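Participant: Quick one: structure below, then a few questions.
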There are 2 protein chains.
Amino acid sequence: MTAEIPPRQGRTTLQDVARLAGVSAKTAARAINGESNVRSDTRERVFTAAATLKFRPNRLARELRQSARTGAVGLVIGNLDNPFYSQLAAGVDHALREHDLELIIASTDDEPEREKVVVQAMLERRVTALMLVPSATDHSYLEGERQLGLPIIFLDRPPVTVVADSVLWDNHTDVRKAVHELATRGHRRISALADSPELFTATERLTAFREALTEAGIAPDETLILTSIHDATSAASATADLLARDDPPTAIIALNNRISIGAVSTLLRDDPTCAFVGFDDFDLGETLGISVVTNDPREMGNYAGQIALRRIREGTGTPERISLPTRLVQRGSGERPASSPHPSTRGSRPAPGLSGSD
Amino acid sequence: MTAEIPPRQGRTTLQDVARLAGVSAKTAARAINGESNVRSDTRERVFTAAATLKFRPNRLARELRQSARTGAVGLVIGNLDNPFYSQLAAGVDHALREHDLELIIASTDDEPEREKVVVQAMLERRVTALMLVPSATDHSYLEGERQLGLPIIFLDRPPVTVVADSVLWDNHTDVRKAVHELATRGHRRISALADSPELFTATERLTAFREALTEAGIAPDETLILTSIHDATSAASATADLLARDDPPTAIIALNNRISIGAVSTLLRDDPTCAFVGFDDFDLGETLGISVVTNDPREMGNYAGQIALRRIREGTGTPERISLPTRLVQRGSGERPASSPHPSTRGSRPAPGLSGSD
DNA sequence: AGCAGGAATGTCATCGATGTCAAACAGGGA
DNA sequence: TCCCTGTTTGACATCGATGACATTCCTGCT
């Protein structure tokens with residue numbers, strides 16, 4: 001007759017494979033998942049059937065059934081535009097890579113409200129672990145999940161109202177060391193540029209900065225401490241403003257990567273004599289001879305990923321708080337004596353004081 | 001009696017909420033999803049019940065039921081470490097942001113085999129759309145999905161054996177313009193540094209380079225064309241080798257971002273006299289006065305994201321092939337006449353010829 | 001009061017894979 | 001040949017939310 005077999009709508013399912021192989025769905029599943037206790041000839045038949053039908057298992061169904069362990073990990077960061085965050089993500093990606101885990105990434109632009117929204121979405125998707133660079137200050141909304149056994153790992157900034165693992169930087173040691181170095185070379189007017197004081201890292205580093213000044217016998221001059229600098233552009237103009245003061249600083253320390261970039265670009269143009277130490281490394285930092293307190297965001301991401309993997313395997317236990325070391329890389333830009341003469345030409349070429357030498 | 005209500009294992013479900021609110025699961029669902037035809041007092045009861053139980057809907061279940069439209073988009077890129085890719089991802093993220101779509105990111109390190117694996121995983125997770133920077137050269141394995149109506153968008157490099165939308169750069173116009181500029185200023189020995197010839201972008205840009213030379217009446221000198229440069233480090237040494245030749249080029253053009261960084265770092269140290277044009281912008285590029293053919297990966301990601309959104313809404317139609325313009329930004333590093341004197345000091349400071357002026 | 005008709009709610013099956021448990025089967029020993 | 005044990009296989013319920021459809025509840029109107 002004209003009765004045709006209607007072409008199957010949508011994707012082929014395990015049922016279809018089973019039907020074609022002449023077995024039950026369960027047996028097909030056993031074969032596909034490589035379970036033992038399947039006769040090798042049936043296994044073959046199932047495989048060819050699956051290949052013929054281009055069968056693609058549906059993870060949603062599988063994960064729904066085996067509730068609790070999905071194959072997705074959620075990562076919440078500030079913004080993929082910022083190399084700090086994207087390298088962090090690269091590190092996490094690297095750690096998860098071999099373990100059949102997918103990485104769901106969402107960015108918050110450091111807005112607490114958005115953090116809640118994207119975390120919510122991830123929880124609805126039942127991620128196996130949640131990793132986040134927090135922007136919100138209250139994380140009690142995660143308490144329920146923690147009790148349900150969801151591994152939660154905080155990166156770069158610690159959890160506030162919830163107990164969870166965290167991987168942070170040692171924001172003190174090398175910042176202090178850098179300041180001490182500057183003080184040793186005779187600098188007394190040292191300026192610090194930082195992001196918003198609401199950010200954990202900013203206040204930590206500023207605290208270290210102030211302590212180091214005090215230790216060096218220098219009274220912190222609050223007019224030299226500029227905060228709430230969110231991007232390279234404002235860092236650049238803040239630096240220019242500093243230099244234009246009647247009594248400008250002889251050294252500047254920038255407390256994150258974007259601020260470093262902005263400050264360096266101003267210094268390269270305007271003032272070759274000001275000593276400088278940046279935070280986080282950047283392209284050409286070595287070539288230009290810029291001293292930095294450097295860290296490797298990939299390492300942080302990778303480390304946090306390892307913790308996540310362990311928690312997934314072994315269940316959550318006593319939360320860990322890891323502090324990763326930074327590294328002070330002296331490349332010369334912090335060594336300029338405060339007494340160097342100003343060049344007569346402004347902006348005609350990069351500051352020699354900032355260039356690589358060794 | 002001692003019969004206690006056992007504390008519910010695992011997460012609360014819609015059933016639990018319904019039970020507590022004294023309605024059926026379906027009604028609870030209607031209330032939660034904001035459907036009409038729910039009396040406001042029942043809606044209230046459901047909401048408070050949901051809040052009490054901290055109910056979190058299970059997207060896996062929902063998406064399994066409504067097969068076809070999940071809320072996840074898959075993005076396959078080379079490597080989050082590379083700012084080109086991470087900014088691409090930032091652009092996609094930005095485009096999807098307001099549409100309740102999650103972004104699943106996987107990286108291939110540009111290995112064709114890995115591409116298949118991660119794409120496979122995304123398909124199993126039933127992404128609503130697939131966006132990828134392809135590394136494989138054969139994409140016939142995607143044909144089935146295409147026929148099932150899955151929107152597939154290629155970025156940066158075109159699809160080969162499958163029909164799909166693609167968003168590419170105009171790899172010709174500005175490369176040619178840059179070469180013409182150099183030729184106009186008298187350069188005859190112009191070197192090009194490119195990535196692997198298997199990469200679409202590398203060969204396209206090299207083709208443009210060769211054509212431009214020919215148009216300018218210069219016979220392409222193959223010894224000046226170096227390929228298979230994969231990272232900044234090898235670009236730096238390749239550049240150093242070039243400069244050390246008996247008859248070094250007077251101008252160099254780098255054909256992607258990592259190569260640009262590497263070349264610039266060598267030029268800054270070793271040879272201020274060689275003219276240079278980079279590809280893709282980078283931090284401090286402006287400050288250092290490096291001329292570049294620039295593009296905005298975020299724009300590409302965003303654009304591709306828009307296409308994905310449209311395809312998701314309106315279904316796939318005739319595939320589009322979009323070519324985004326680049327921009328030639330002249331900042332001085334390409335203007336150095338070939339006859340400039342070599343400086344006597346090597347490596348003592350950045351090349352004035354490469355520094356920003358005006 | 002009776003009734004039409006829309007609003008509100010409920011029942012049941014379903015999405016696709018898999019855990020549970022039982023049935024069918026095969027092979028070896030008595 | 002028959003029984004026993006271990007291996008393969010299958011039937012069925014389940015994960016949680018929701019679509020299709022049925023039922024009950026109102027409200028206004030004759």
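The values are calculated or read from the model by the stated rules, or taken from the named source; none is laboratory data. As the structure is a prediction and not an experimental result, all values here were calculated from the model. Cβ sites come from the backbone with ideal geometry, for glycine too, and all protein chains shown count toward neighbours. Calculation scope for accessible area: heavy atoms of the full protein, side chains included, ligands and nucleic acids excluded. Shrake-Rupley method; radii C 1.70, N 1.55, O 1.52, S 1.80 Å.
Participant: Filter the range A:281-309 down to residues that are modelled with pLDDT of 90 or more, among the charged types (D, E, K, R) and open to solvent by 70 Å² or more (accessible area, probe 1.4 Å), then give me how many there are.
Facilitator: Result for the range A:281-309: 2.
Participant: Wholly within the range B:1-114, which helices (runs of 4 or more DSSP H) include no fewer than the required count, namely at least 2 residues that are away from DNA strand C (no atom under 16 Å from the Cβ) and farther than 24 Å from A:N58 by Cβ?
Facilitator: B:40-52, B:83-96
Participant: Something else: Give the residue that is surrounded by the most Cβ atoms within 10 Å (Cβ to Cβ), with candidates limited to residues of the range A:115-144 that are in a loop (DSSP other than H, G, I, E, B), of a type outside the set (D, E, K, R) and within 13 Å of chain B (Cβ to nearest Cβ). Spell out how you get there, then give the answer.
Facilitator: Our first condition is that a residue be in a loop (DSSP other than H, G, I, E, B); within the range A:115-144, this holds for A:125-128, A:133-139.
Add one more test, that the residue is of a type outside the set (D, E, K, R), and what stays is A:127-128, A:133-137, A:139.
Add one more test, that the residue is within 13 Å of chain B (Cβ to nearest Cβ), and what stays is A:127-128.
Details: A:V127: 25, A:T128: 21.
Among residues in the range A:115-144 that are in a loop (DSSP other than H, G, I, E, B), of a type outside the set (D, E, K, R) and within 13 Å of chain B (Cβ to nearest Cβ), the one surrounded by the most Cβ atoms within 10 Å (Cβ to Cβ) is A:V127.
Participant: Restricting the first residue to the range A:218-234 and requiring it to be closer than 23 Å to A:R188 by Cβ, which pairs with a second residue that is of a type outside the set (A, V, I, L, M, F, W, C) and open to solvent by 40 Å² or more (accessible area, probe 1.4 Å) meet a Cβ separation below 6 Å and a spacing of at least six or different chains?
Facilitator: Partner pairs satisfying both residue conditions: A:I218/A:R188; A:P220/A:R210; A:T227/A:P197.
Participant: Also: Is one or more of the residues making up the range A:155-175 outside any loop (DSSP other than H, G, I, E, B), open to solvent by 30 Å² or more (accessible area, probe 1.4 Å) and either without any contact (Cβ under 8 Å) to a residue 60 or more places away in the chain or in contact with a helix residue (DSSP H, G or I) (Cβ under 7 Å, 6 or more places away or on another chain) (or both)?
Facilitator: No: zero hits.
Participant: Sort out which residues of the range B:313-330 are farther than 16 Å from B:L132 by Cα and more than 19 Å from the chain's Cα centre (by Cα), and write them in order of number.
Facilitator: Matches in the range B:313-330: B:R313, B:E314, B:G315, B:T316, B:G317, B:T318, B:L328, B:V329, B:Q330.
Participant: Moving on. For residues in the range A:25-47 being closer than 23 Å to B:S67 by Cα and more than 14 Å from every other protein chain (Cβ to nearest Cβ), which is nearest to DNA strand D (Cβ to nearest atom)?
Facilitator: Step one: filter the range A:25-47 for residues closer than 23 Å to B:S67 by Cα, giving A:25-26, A:28-29, A:32-33.
Then keep just the ones that are more than 14 Å from every other protein chain (Cβ to nearest Cβ); that gives A:25-26, A:28-29.
On the way: A:A25: 6, A:K26: 4, A:A28: 7, A:A29: 9 Å.
Residue satisfying both the conditions and the ranking: A:K26.
Participant: Please give the number of the condition B:E181 fails out of (1) open to solvent by 10 Å² or more (accessible area, probe 1.4 Å); (2) under 22 Å from B:A72 (Cβ atoms).
Facilitator: Of the numbered conditions (1) open to solvent by 10 Å² or more (accessible area, probe 1.4 Å); (2) under 22 Å from B:A72 (Cβ atoms), the odd one out for B:E181 is (2).
Residues are listed down the side, and each one gets a yes or a no for (1) more than 15 Å from the chain's Cα centre (by Cα); (2) within 12 Å of another protein chain (Cβ to nearest Cβ):
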| site | (1), (2) |
| --- | --- |
| B:A49 | yes, no |
| B:F55 | yes, yes |
| B:L88 | no, yes |
| B:L101 | yes, yes |
| B:D109 | no, yes |
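Participant: Assuming B:R188 fulfils every condition listed in (1) farther than 18 Å from B:N256 by Cα; (2) in a helix (DSSP H, G or I) apart from one, which condition is it?
Facilitator: (2)
Participant: Return only the number of the condition from (1) at the interface with another protein chain (Cβ under 9 Å from one of its Cβ atoms); (2) touching a residue at least 40 places away in the same chain (Cβ under 8 Å); (3) open to solvent by less than 10 Å² (accessible area, probe 1.4 Å); (4) not small (G, A, S) that A:H94 does not satisfy.
Facilitator: (3)
Participant: Give me the residue from the range A:57-73 that is more than 9 Å from every other protein chain (Cβ to nearest Cβ) and more than 12 Å from DNA strand D (Cβ to nearest atom) and, out of that set, most open to solvent (accessible area, probe 1.4 Å).
Facilitator: Filtering first and then ranking leaves A:R69.
Participant: Moving to a separate point now. Identify, by number, the condition in (1) without any contact (Cβ under 8 Å) to a residue 40 or more places away in the chain; (2) in contact with a strand residue (DSSP E or B) (Cβ under 7 Å, 6 or more places away or on another chain); (3) in the same structural domain as B:S228 (by TED's automatic domain parsing) that B:H180 doesn't meet.
Facilitator: Unmet condition: (2).
Participant: So, A:E113, is that one of a type in the set (D, E, K, R), in the same structural domain as A:I307 (by TED's automatic domain parsing) and farther than 30 Å from A:S260 by Cβ or not?
Facilitator: Against the criterion (of a type in the set (D, E, K, R), in the same structural domain as A:I307 (by TED's automatic domain parsing) and farther than 30 Å from A:S260 by Cβ), A:E113 does not qualify.
Participant: Now for a separate question. Would you pick out the residues in the range B:212-240 that are small (G, A, S) and in contact with a helix residue (DSSP H, G or I) (Cβ under 6 Å, 6 or more places away or on another chain)?
Facilitator: Scanning the range B:212-240 gives B:A212, B:A216, B:A232, B:A235, B:A236, B:A240.
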